[in-house]
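Working notes for the structure below.
The values are calculated or read from the model by the stated rules, or taken from the named source; none is laboratory data. Note that this is a predicted model, so its numbers are computed, not measured. Because the Cβ atoms are built from the backbone with ideal geometry, glycine has one as well, and the counts that use them run over all protein chains shown. Ligands, DNA and RNA are stripped out before the accessible areas are found, and what is left, the full protein with its side chains, is counted by its heavy atoms. Shrake-Rupley method; radii C 1.70, N 1.55, O 1.52, S 1.80 Å.
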Amino acid sequence: MGNEELIRERLDVVQGRVAEALRESGRPPDEVRILVASKYYAPEQMAALAGAGVKLLGENKAEDLLRKQEEFGDAFEWHFIGHLQRRKAKDVVARVALIHSVDSVRLVEELAKRAPEEGVEVLVQVNVSGEESKYGVEEGEVEPLLEAAARSEGRVRVRGFATLAPLVERAEDVRYVFVKLRAIRDRLENSWSPHFDLSELSMGMSNDYRVAVEEGATIIRIGRALIEETVGDPLVRRLDGS
Ligand SMILES: *Cc1c(COP(=O)(O)O)cnc(C)c1O
């Protein structure tokens, strides 16, 4: 089987499980977008992703984003999901539809300065699990970021929140992370609705996307589940005794 068919087959599996999780948790179908993490693919492998029906990519590195967009810029919707250094903000800001990893007031200010006329959409990355993760801001630091974005007069539009759950054996063990991110959003949604539509929750990866969907994810970020057949497969994991 060619690479393209393999990717398509595994993407089908993920889509099926997402649909099931939406149904079982009483959420409407089509409420979750599947983003594929493009860091696992070299520029010459991008055609296989497009051929397999992948629509939405998330890149981690500014340099790789530039290289891959040279040839495949129009083939996908592009998001940025990696840690964004301030000095790279200008390279990324006009090239992506959404930045999932905004984690400082200074980055918000840099994006406001560098954003094109129409502005840029971002998610605030929250470190929900505390010491276990080094990415994102703590809950108490979220509002200063929203305030900085509100000062940008439409240049930086916050669309919601993202989080990276710690890697665990059983996805159940990180359910609390997803529950908490949604609770943070729910708490801030009303008071911030004059400024921002905070409806997006980017949470869940290959290991735990099912649980994330049950808890309200609107974007899941998938990498290894398209590469290794057994990743994210609850049946295989149960046979392992986990
Ligand atoms: C690589 C990556 C993913 C995908 O992780 P998998 O475990 O391979 O599914 C998701 N989010 C971010 C920020 C990543 O860097």
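Remarks
- Residues in the stretch 135-146 that are charged (D, E, K, R) and touching a residue at least 40 places away in the same chain (Cβ under 8 Å) were compared, and the one that is nearest to ALA212 (Cα to Cα) is GLU139.
- Filter result (farther than 14 Å from ALA148 by Cα and without any contact (Cβ under 8 Å) to a residue 24 or more places away in the chain) within the stretch 103-126: PRO116, GLU117, GLU118
- Any chance GLY130 is at pLDDT 95 or above and at positive phi: no
- Qualifying residue in the stretch 104-119 (condition: at pLDDT below 95, out of contact with any strand residue (DSSP E or B) (no Cβ under 6 Å at 6 or more places or on another chain) and within 15 Å of the ligand (Cβ to nearest atom)): no
- Subset of the stretch 56-77 (residues that are open to solvent by 10 Å² or more (accessible area, probe 1.4 Å) and outside any helix (DSSP H, G or I)): ASN60, LYS61, GLY73, ASP74, ALA75, PHE76, GLU77
- Tally of residues being surrounded by fewer than 24 Cβ atoms within 10 Å (Cβ to Cβ) and either within 14 Å of the ligand (Cβ to nearest atom) or over 16 Å from ASP64 (Cα atoms) (or both) across the stretch 79-90: 3
- Any pair with Cβ under 6 angstrom, 6 or more apart, that starts in the stretch 91-102 at a residue that is within 14 Å of the ligand (Cβ to nearest atom) and ends at one that is open to solvent by 20 Å² or more (accessible area, probe 1.4 Å) and assigned to a strand (DSSP E or B): LEU98/GLU121
- Sole exception among (1) open to solvent by 20 Å² or more (accessible area, probe 1.4 Å); (2) under 19 Å from SER199 (Cα atoms); (3) touching a helix residue (DSSP H, G or I) at 6+ places or on another chain (Cβ under 9 Å); (4) not acidic (Asp, Glu) for ILE99, by number: (1)
- Candidate set from the stretch 204-230 (those that are touching a Ser or Thr at 6+ places or on another chain (Cβ under 7 Å), near the ligand (Cβ under 8 Å from one of its atoms) and not in a helix (DSSP H, G or I)); member that is nearest to ASN127 (Cα to Cα): ARG221
- Only one of VAL158, VAL128, VAL179, VAL211 that is crowded, with 19+ Cβ neighbours inside 10 Å, closer than 21 Å to ALA19 by Cα and β-branched (Val, Ile, Thr): VAL211
- LEU66 modelled with pLDDT of 95 or more, in contact with a Leu (Cβ under 7 Å, 6 or more places away or on another chain) and either within 13 Å of the ligand (Cβ to nearest atom) or not aromatic (Phe, Trp, Tyr) (or both): no
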